[in-house]
1. With everything on Cα atoms, drop me the angle between helix 181-200 and the longest principal axis of the chain, reported from 0 to 90° to the nearest 10.
2. Hey, what angle do you get for helix 150-178 against the long axis of the chain, alpha-carbon based, 0 to 90 degrees rounded to 10?
3. Mind checking the dipole of the chain: about its Cα centre, +1 per Lys or Arg Cβ, -1 per Asp or Glu Cβ, Debye to the nearest 20?
4. Taking the 0 to 90 degree range and rounding to the nearest ten, how far is the long axis of helix 376-404 tilted relative to the main principal axis of the chain, both from C-alpha atoms?
5. Whole Å is fine, so just give me how far the alpha carbon centre of region 379-397 lies from that of region 136-211.
6. If we count trypsin sites (Lys or Arg not before Pro) as exposed when they sit in a DSSP loop and have at most 13 other beta carbons within 10 Å, what is the longest stretch of the chain that avoids them all?
7. Equivalent ellipsoid semi-axes for region 271-342, as square roots of 5 times the alpha carbon gyration tensor eigenvalues: give them largest first, rounded to whole Å.
8. Where Rh denotes the Kirkwood radius from the mean inverse Cα pair distance, what is Rg over Rh for region 238-360?
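What follows is calculated from the coordinates using simple rules that are stated; it is not laboratory data. Here the structure is a predicted model, which is why all the values come from computation and not from measurement. Methodologically, a virtual Cβ is constructed for each residue, glycine included, from the backbone with ideal geometry; neighbour enumeration extends over all protein chains shown.
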Amino acid sequence: MLTIGGGTGRCRAVVDSAAVSRDPVLTRDFVLVWLASFFEGLSWTLFIHLPGFLDDLGASEAEIGVIFGVAALAAVLIRPAVGRALDKYGRMPVIHVANTVNVSSILLYLTISALGPWVYVVRVIHGMALATLFSAFFTYGADVVPASRRTEGFALFGVSGLLPIAFAGVIGDIVLDVAGFDELFLTAAFFAAAALVLSIALPERKPEAEAGVAPRGFLSIVRRPALRPVWLMAGGFAFVLTAFFTFLRTFVDETGIGTVGLFFAAYGITAVLLRVFLGWLPDRIGQKRVLYPSIGCLAAGFVVLGIATGDVHVAVAGILCGTGHGFGFPILSGFVVTRAPSEDRGSAMSFFTALFDLGILVGGPILGLIITIFGYSTMFVVAAIFIVAVTAIFAGADRRTLTRLTDPAAVTVS
């Protein structure tokens, strides 16, 4: 397999993972950043219940989408600064500041008692902290994963974000059954504080770069030809994830079909099992040969949600969507790291993760409006059609882009 990479843009030949030495993935630093990311993920994923809190305050589905969209806008706007800081100053200063702000912002939810400007202020602060941590943890994870096992390493690292999806839905259901949203926010703050404590033990990792090679910057990464199709695919992927990360709570409340915990338990467990036991598959048989069927499963999951009439449908949808996420995210992450210069890795991962906030920013209001006018079933079907269309466009655009790169060693063969 030939890959794009290196600080100077020169090619590096990387042989198939089956032929290289099995560099260890589970190093001390990997485990520490995995645990920090896991607890931060538990904290963040509890906010899949936030639409229920906003609904109690009187927000409509469309307004809930706007509130989530405002936080996503703040997250997108801060990403260039985050990328520059990660590449210029290193990973740990960014992680420490973001962890502190994250804990503080979660506690601010305790001060919200009605809809109004303060809701948006808190969401903006929280969104910026989450955006910074998401970028920083995944950049650090990319630093510690061996190049010879990149997709597998990303798959395992991504488990730190998927296990919380499986657990947090159930944890949130339990907390809300026995207490209320204040206790939910306090639980989220506790998990965020655990991430802060674990991060203190991480050693610094300066940006990797050849002598005399400076980071090119955020805009250079955005415009990089080999990455443009990846940005398209990641943006479409992020857009459709909004369908259940933002609206599953209100879907369950309004229809009485299934539970949030049931869907996300099936979703998270499926994705985790695939990554733990089949995380090596994309590196062995080709990333795109795994990516396209997995996106098909994601689309099928939306269709099942669109016709759901009971718990079984919701569980099946969770399994299908979990399959799509289980393979889709690490494959796209691997594309980003492989095709970006190492000295710009912080900017590359910052923009990649920003696309998931952009998906909420754009998808929240649009999908919320579709729900308001046509209902949940139509919204889920639209999401399925959209992701299939984006994947088809990506397949053609990526093939043409790689063909235009005339240097054969500057092309990733998947």
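1. Tilt of helix 181-200: around 20 degrees.
2. In the chain, helix 150-178 runs at an angle near 10 degrees to the longest axis.
3. 1800 debye
4. 10 degrees
5. 29 Å
6. Looking at the chain, 23-414 is the longest stretch - no exposed trypsin sites (Lys or Arg not before Pro) with at most 13 other Cβ atoms within 10 Å.
7. Result for region 271-342: semi-axes of 27, 12, 9 Å.
8. Numbers: Rg = 15.6 Å, Rh = 15.3 Å.
Reported Rg/Rh, Kirkwood definition of Rh: 1.02.
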